[in-house]
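Q: Dropping a structure here in C-alpha cells format, bear with me for questions.
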Amino acid sequence: MWSTIFRTLLATRQSQVIAPARRVLLQDVARYSNQRIAVPLRSKKPKSSKPTTQYFVDCRHVRTIGGKGGDGCVSFLRLWCNENAGPDGGDGGNGGHVVLQATQDVKDLNHITSLLRADDGEKGATKDCHGKNANHTVVKVPIGTIVRNPQGKVVGDLSSEGMMFVAARGGAGGKGNHFFKSDLEQAPQVAEFGATGEETAYTLELRSMAHIGFIGLPNAGKSTLLRAISRARPKVAAYPFTTLKPHLGIVQYDDYEQIAVADLPGLIEGSHKNKGLGIQFLKHAERCNALLFVIDASADEPWVHYHTLLHELSMFSEELVTRPRFIIANKVDLPEAERNVELLAHHVDVPVIPISAKMGTNIAEMLHEIRIIYETSRTAREASEATAKEQEEGPR
C-alpha cells in the first residue's frame, strides 16, 4: 500500500516539471515493479577534485618465473690436527615458488605486474652449512580468479577464500661435495648447480566483475550515469571511445547492501569481428551478471541502436542474450528525445526507463529497478548452485 502511495506522490510531483507526453511513460515504468525494496543512499561526502587514473582490470597476462636453487659448495675441512678432514661443502637452498592465493582483500588485478618472479635460494657454504631456502612469492588475487595456460585451457579456479595455485615452482638446491662422499670416493671434488625454476605464462581472468554492466554505443552517457549514481569518477568527454577500460562504482542501499556497477567501453557495429577492440570489450560484458542497455534517446531511431547492441552480444555469445536486462533511455532532457522515448518503448520487448544522467531525472526509479534485477539474478544463481550441489552429492 505504502509503495503505491509513494509512487502516486512521485508521479504527481514529476508532473509539475515533466512534459505530458513523458508523464504517461514514467507512470507506466513505475508500474513495471511494484514491490517494496531498499532505498538507495546518496553519499553526502564531496567527491575528490584530484585527477584519477584508476580503472578496473579484469584480465591480465603474466609471466611467472620460479626462483633458482642455490649451488652446492666444494670445500674440504682442514683442522690444526688433521689437514685432510674430508669434504664439508654444504647444499644450496631451494628456490621460491610463485603462488597465487585467493583472498577478499583485493577486488581486481590492477596490482599484479606482468612479470612475477620468486627469489633464488642461497648457495651452500663451508663447514656443511646449507644455503637458506628462499621465501615463496605469494600474489593475492580476487576470489573467482580463473587461471588459463597459453593454450587457453583452464588450469586453476580459485573459487574460495585461501585457495592457492602454484604458478611456477622453484628449482631445487644443488648438492655439495659432502653429499658425494662414499667408500670409493673419500674426497669428491664435484658439486651440483642449483636447478632453474619453472617459467610459464598464464592469463588471469575474473569470473565476475560487477553485478550490473552498462552496455551502449560510444557517447551514450554511460560514464555520466556512473558518476551520477556512485562516487566513481570516470573520464567524461564529447568524443567517442572516452572509456577504454572498465570503471566500477558502488551503489549503496539503506539495508547495507552494495551493488557493483560497471561502466564498460562502448561497442560499435562489427564488434564481434574485433572492430574497435570489440572482442576485448565484449569479454568485459561476460563478467557482469546483468546488462543495462544505455541508449541515447535524442538520436534518430534509438531502437536501431538497441538491436545493434543485441546483435553484437548474440554473435559473440548466445548466453549473454539470456541474462537479465532492460533499457535506459538517457538524455531525455533534450527536446528531440520526448517522441523517441515513446517510439522506443513500442519497438522493443524489454522495459524502458527514461532518465537524464546529467540533470538527475528519474535516477531513483532506475536504482529501484537495478535493485530488483540484482535480487532476481542472485536468487536464480543461488537456486542453480543448490541444484548443482545436489546433483554432485547424488542420492544417498
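The values are calculated or read from the model by the stated rules, or taken from the named source; none is laboratory data. For clarity, every value in this text was computed on a predicted model and none was experimentally measured. Heads up, the Cβs are rebuilt from the backbone with ideal geometry, glycines too, and the neighbour counts pull from every protein chain shown. Areas reflect the complete protein model, heavy atoms only, side chains present, ligands, DNA and RNA absent. Shrake-Rupley method; radii C 1.70, N 1.55, O 1.52, S 1.80 Å.
Table: residues versus (1) surrounded by 18 or more Cβ atoms within 10 Å (Cβ to Cβ); (2) under 23 Å from the mean Cα position of the chain (by Cα).
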| site | (1), (2) |
| --- | --- |
| 164 | no, yes |
| 167 | yes, yes |
| 171 | yes, no |
| 182 | no, no |
| 189 | no, no |
| 193 | no, no |
| 201 | no, yes |
| 204 | yes, yes |
| 207 | no, yes |
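Q: Related question: Return the residue satisfying two criteria in turn: it lies in the range 226-281 and is open to solvent by 40 Å² or more (accessible area, probe 1.4 Å) and of a type in the set (A, V, I, L, M), and of such residues it is farthest from residue 213 (Cα to Cα).
A: Applying the filter and picking the extreme gives 238.
Q: Sticking with this structure for a sec: Considering only the range 53-160, give the strands (runs of 3 or more DSSP E) lying wholly within it that have at least 3 residues that are open to solvent by 30 Å² or more (accessible area, probe 1.4 Å) and touching a residue at least 60 places away in the same chain (Cβ under 8 Å).
A: Because the criterion is at least 3 residues that are open to solvent by 30 Å² or more (accessible area, probe 1.4 Å) and touching a residue at least 60 places away in the same chain (Cβ under 8 Å), the strands (runs of 3 or more DSSP E) in the range 53-160 that meet it are 59-65.
Q: Looking at residue 376, is it within 23 Å of the chain's Cα centre (by Cα), open to solvent by 60 Å² or more (accessible area, probe 1.4 Å) and touching a residue at least 12 places away in the same chain (Cβ under 8 Å)?
A: Yes: the conditions hold for residue 376.
Q: Let me ask you something else. Does any residue in the range 191-209 that is charged (D, E, K, R) come within less than 8 Å, Cβ to Cβ, of a residue that is in a strand (DSSP E or B) and open to solvent by 40 Å² or more (accessible area, probe 1.4 Å) six or more places away or on a different chain, and which pairs are these?
A: Sorted first by the residue in the range 191-209, then by its partner, the pairs are 199/63; 205/59; 205/148.
Q: Another question, then. Residues 232, 260, 220, 237: which one is in contact with a helix residue (DSSP H, G or I) (Cβ under 9 Å, 6 or more places away or on another chain) and in contact (Cβ under 8 Å) with a residue 40 or more places away in the chain?
A: 220
Q: Please go through the range 308-366 and pick out each residue that is without any contact (Cβ under 8 Å) to a residue 24 or more places away in the chain and open to solvent by less than 40 Å² (accessible area, probe 1.4 Å).
A: Scanning the range 308-366 gives 310, 314, 321.
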